[in-house]
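In what follows, a single structure is set out as structure tokens and then discussed.
Every number in this text was worked out from the coordinates using simple rules, so none of it is lab data. The structure presented is a predicted model; accordingly, all values stated were derived computationally and were not measured. Don't worry about glycine lacking a Cβ; one is built from the backbone with ideal geometry, like all the others, and counts go over all protein chains shown.
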Amino acid sequence: MNIIKLMIPKIKVAYVSDRDTLRQGLEKMRGHGYTTVPVVTDDGIFVGTVSEGDCLWRIIDGGLKSMKELESVSISEVLSTKRNPAVKIDTGGEELYSRITECPFVPITDDRGCFVGIVTRRAVLSYYRERFFELSHSNQ
């Protein structure tokens, strides 16, 4: 399995900056219709993911009640660094498959840790579906 063939490149991925505010992060997720997005530094380094749930718990635990208060919290205070770790672009299919069973997408980084894109669960399932049908047709 070649990750590059399955990957959606960074330029086509909705992600947020670690310097964005909680409000900006929520607006970006809502605007794109995603519940979880990658978080990237200004230098392009992948630092984690942030989900609507992460944001909700920060709002509840912090007692945030207004949009103005959401602007005082940075995404870097909310993001998860452990839930959806990135894999390197040269990762093998077995590792990718293992990761994609846990999350709807897997962030992909280069050797420097720079975010280069994502591989979605849909892409991996389609890849294996095609291989399954190729194999079943060749056995007939």
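Within the stretch 115-124, being in contact (Cβ under 8 Å) with a residue 24 or more places away in the chain and out of contact with any strand residue (DSSP E or B) (no Cβ under 6 Å at 6 or more places or on another chain) holds for A123, V124. For the stretch 49-101, the set of residues classified as under 21 Å from E27 (Cβ atoms), of a type in the set (K, R) and surrounded by 13 or more Cβ atoms within 10 Å (Cβ to Cβ) consists of R58 only. The set of residues in the stretch 13-49 that are in contact (Cβ under 8 Å) with a residue 40 or more places away in the chain and of a type in the set (K, R) comprises R19, R23. Filtering the stretch 70-115 down to residues that are assigned to a helix (DSSP H, G or I) and of a type in the set (G, A, S), which residue is farthest from N2 (Cα to Cα)? So the residue we want is S76.
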